[in-house]
1. Looking at the stretch 178-192, which of its residues are closer than 21 Å to N33 by Cα and in contact with a helix residue (DSSP H, G or I) (Cβ under 6 Å, 6 or more places away or on another chain)?
2. Can you work out which of the residues in the stretch 233-243 that are touching a residue at least 24 places away in the same chain (Cβ under 8 Å) and not charged (D, E, K, R) is surrounded by the fewest Cβ atoms within 10 Å (Cβ to Cβ)?
3. Does the stretch 206-217 hold any residues that are in contact with an Asp or Glu (Cβ under 9 Å, 6 or more places away or on another chain), surrounded by 21 or more Cβ atoms within 10 Å (Cβ to Cβ) and assigned to a helix (DSSP H, G or I), and which are they?
4. Do you know which of the residues in the stretch 218-262 that are small (G, A, S) and assigned to a helix (DSSP H, G or I) is nearest to the chain's Cα centre (by Cα)?
5. Quick one: would you say A35 is in contact with a strand residue (DSSP E or B) (Cβ under 9 Å, 6 or more places away or on another chain), among the small types (G, A, S) and under 30 Å from S319 (Cα atoms)?
6. Only one of G271, G314, G224 is under 30 Å from D69 (Cα atoms) and not hydrophobic (A, V, I, L, M, F, W, C). Can you tell me which?
7. Could you tell me how many of the residues in the stretch 73-127 are crowded, with 18+ Cβ neighbours inside 10 Å, over 21 Å from G151 (Cβ atoms) and among the hydroxyl-bearing types (S, T, Y)?
8. Evaluate the stretch 299-309: report whether one residue or more is buried (at least 22 other Cβ atoms within 10 Å of the Cβ) and either part of a helix (DSSP H, G or I) or at pLDDT 95 or above (or both).
Amino acid sequence: MHPLAVDGCVELAAIDRNGLIESRHVGAFVVINAAGEILESGGDVDATIFPRSTLKPLQAVALLRAGADLEGVDLVLSTASHCGSHRHTDHIESMLTRDGLTVDDLGCPAQWPLGLSDKADRIANGEKSQRITMNCSGKHAGFLRACIANGWDTTTYLEATHPLQVTIREVIEEFTGTTELWPAVDGCGAPLYGMSLRALGTGLARMSDGTDSAATKLVEAVRGNPWALDGPGRDNTRVLEVTGAIAKIGAEGVLLAARDGIAVVIKCLDGSQRPNTAVAVTLLERHGVIDAAARDTLIRELVEPVTGGSEIVGSLSVSV
């Protein structure tokens with residue numbers, strides 16, 4: 001196992017200002033199907049990366065496999081990287097209340113909302129960072145529901161040897177087809193596993209191909225409640241609304257997009273998310289997963305133009 005290095009990268013996208021390239025984003029990507037066949041790639045797809053939140057769909061599948069009673073919005077929040085809006089946090093609090101728990105039972109750390117406007121709103125109201133506003137709080141509420149369903153301890157649910165985490169690892173190994181996992185701890189405190197882009201892409205393609213009942217239930221719930229996955233107008237929610245593809249950001253420049261048994265995984269080497277949505281929808285369109293109109297709509301909506309004063313003087317261009 002080896003980390004992604006500069007010599008294992010390709011240019012993903014470039015930023016021009018008044019005709020001069022100002023910045024370049026490099027990284028690696030893979031387009032892969034559920035059989036593990038690479039349809040297109042760039043860079044070192046066998047390098048080990050941390051999936052971060054792109055692992056959430058497989059974690060959510062494991063919750064369903066473990067018998068967690070998760071439906072609709074509850075299920076989507078269990079796989080979400082939510083923006084921390086009051087709509088999100090109110091629903092997560094209701095999940096905890098239903099299970100006889102409180103926000104204090106969440107094992108994730110206190111953190112400000114991902115959404116800048118949501119953060120500003122809470123600061124203006126005199127609130128502090130909280131566990132409930134951490135973007136993974138829905139996942140942790142889902143973790144706790146699986147524990148309740150099985151009579152598992154709810155105070156140690158983040159330990160790698162806890163029955164819940166053992167189940168999650170087994171599901172990850174099943175979908176990715178590999179046991180070569182680098183054990184680590186994610187920012188939310190949950191066990192995290194480094195793996196190759198190839199393995200991660202295979203696992204997420206299998207999640208979306210309609211052959212597993214738990215995974216299909218998850219996909220249908222997410223498509224039915226796109227706001228809960230991220231937030232209105234935000235990248236992951238808009239990709240889902242426009243294309244039906246499950247899109248998930250991961251910290252440090254990772255992005256997943258998957259639909260109908262084809263997955264795109266991107267790792268931007270410097271940890272930036274700026275090029276990833278444009279690269280992902282470009283690749284999805286190239287391989288017939290979405291149409292050109294959807295690609296163009298998402299790039300127009302979600303990619304910030306390069307401005308000089310009040311004028312647009314440049315743009316991001318996809319290099320792959």
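1. Within the stretch 178-192, T178, T179 meet the criteria.
2. V242
3. Residues satisfying the conditions are R206, A215.
4. Among those residues, the one meeting the criterion is A228.
5. no
6. Only one candidate qualifies: G224.
7. Final tally of qualifying residues: 4.
8. No, the stretch 299-309 contains no residue that is buried (at least 22 other Cβ atoms within 10 Å of the Cβ) and either part of a helix (DSSP H, G or I) or at pLDDT 95 or above (or both).
The values are calculated or read from the model by the stated rules, or taken from the named source; none is laboratory data. If you're wondering where the values come from, they're calculated on a predicted model, not measured in any experiment. FYI the Cβ positions are ideal-geometry reconstructions off the backbone, even for glycines, and counts take in every protein chain you see.
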